[in-house]
1. Ignoring solvent entirely, what values of log10 I(q)/I(0) come out of the Debye formula for segment 141-309 at 0.13, 0.15, 0.21 Å⁻¹ when each Cα is a single scatterer?
2. Can you check what the net charge comes to around Val210, using other residues whose Cβ is under 13 Å from the Cβ of Val210 (Lys, Arg +1; Asp, Glu -1)?
3. Counting only C-alpha contacts under 8 Å and six or more residues apart, can you give the relative contact order of segment 12-137 as a whole percent?
4. Could you bin all the Cα-Cα distances of the chain into 10 Å bins starting at 0 and give me the percent of pairs in each, rounded to whole numbers?
5. Where does the chain land at 222 nm, in deg cm²/dmol rounded to the nearest 500, when only DSSP H runs of n ≥ 4 count, each adding -39500 (n - 2.57), divided by all residues?
6. Applying 1/(1 + (r/R0)^6) with R0 = 22 Å to the Cβ-Cβ distance of Asp163 and Thr249, what FRET efficiency is obtained, to the nearest 0.05?
7. Just add up the charged neighbours of Asp305: K/R +1, D/E -1, any other residue whose Cβ is under 13 Å from the Cβ of Asp305.
8. Please tell me the relative contact order of the chain in percent, rounded to the nearest whole number, where contacts are Cα pairs under 8 Å and at least six residues apart.
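Here, each number is a calculation from the coordinates, and none is a lab measurement. Please read all numbers here as calculations on a predicted model, not as lab measurements. Cβ atoms come from the backbone with ideal geometry, glycine included; neighbour counts cover every protein chain shown.
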Amino acid sequence: MATGTHDHTADPRNDEILIWVNGELRPRAEAVVSVFDSGFVLGDGVWEGIRVSGGHPVFLERHLDRLREGAKAIMLDLGMSRDALTAAIYDTIRGNRMTDGVHIRLMVTRGVKSTPYQDPRMTIGPATVVIIAEHKEPMPSTVTDGITLFTTHVRRASPDTLDPKLNAHSKLNDIQACIQAYTAGADEALMLDPHGFVATCNSTHFFCVVQRDQGPEVWTSDGRFCLAGITRGNVLRICRDAGITARETTFSLTDVYSASEAFVTGTFAGVVPVRSVDGRTIGLGARGPVVERLQGLYGELVAADVRSRS
């Protein structure tokens with residue numbers, strides 16, 4: 001069984017990868033940043049996780065849009081144009097001779113500080129940009145057997161505290177939620193919004209399938225207290241295109257416990273079934289027909305995106 005959506009088998013090829021650091025591809029052992037870097041000192045930065053298929057970064061435009069939106073929100077100058085970032089990503093992929101089964105982490109921090117202090121005016125250099133591409137695929141059992149969730153007491157923040165739309169380097173609340181979930185025996189955490197409604201998971205987005213007389217409906221949170229997930233948005237899109245009713249709405253744990261199916265979405269593993277939440281078996285406790293169909297449709301969407309870049 002999986003121990004979370006990012007569970008994967010270690011790949012020895014990753015010992016020799018080249019990592020893009022501020023314009024240079026460096027061997028893994030030499031890919032370092034300053035201890036005065038804003039990301040290390042404060043978690044001050046934004047990032048994206050991107051899958052690679054057929055030698056191409058999938059849904060790249062949407063990822064770069066989200067990166068720039070986050071950077072603008074925190075007044076971080078990326079220091080690179082969209083074309084330059086795209087070229088750097090491709091340089092990293094080709095420099096490592098990678099094609100499939102690859103996951104990229106694109107990270108941008110505010111840069112080096114003159115002293116370890118939060119004020120952005122203490123930054124003395126340009127942004128630090130790092131691109132790590134690894135040979136990394138989800139465990140087959142993650143996709144077929146799914147994961148278990150535990151509802152944590154750690155809530156999603158409201159926008160006036162820490163805007164959940166920001167894909168920021170600081171993920172401490174998600175880390176706390178994750179710790180509580182796995183110490184409770186689950187794989188990942190289900191997190192509620194400040195009002196007690198279901199919001200998202202610590203590293204993925206949550207969906208449930210509710211049976212109605214007209215057919216199954218796919219529900220996810222209203223989006224106010226979660227990241228604008230790329231895969232989340234794509235699943236809503238393929239539901240609409242396939243004639244599956246999908247709703248962004250508020251719902252409680254009672255709705256979740258009685259759902260016929262549940263699943264989470266994320267860039268790394270795509271669409272992943274959920275077997276149980278808080279010890280309650282969801283549906284039959286196995287991947288259901290709606291989830292299996294959405295996995296197939298999502299795979300087709302990925303393939304279409306790759307073809308458009310070839």
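1. The Debye formula, applied to the Cα set alone, gives -0.58, -0.78, -1.52.
2. Net charge around Val210: -2.
3. Answer for segment 12-137 is 35 percent.
4. Spelled out per bin, shortest first, that is 6, 26, 34, 25, 9, 1, 0.
5. Taking each H run of at least 4 residues, the total per residue is -9000 deg cm²/dmol.
6. 0.55
7. Details: positive: Arg51, Arg62, Arg237, Arg307, Arg309; negative: Glu61, Glu300.
Around Asp305, the charge tally is +3.
8. RCO, the chain: 19 percent.
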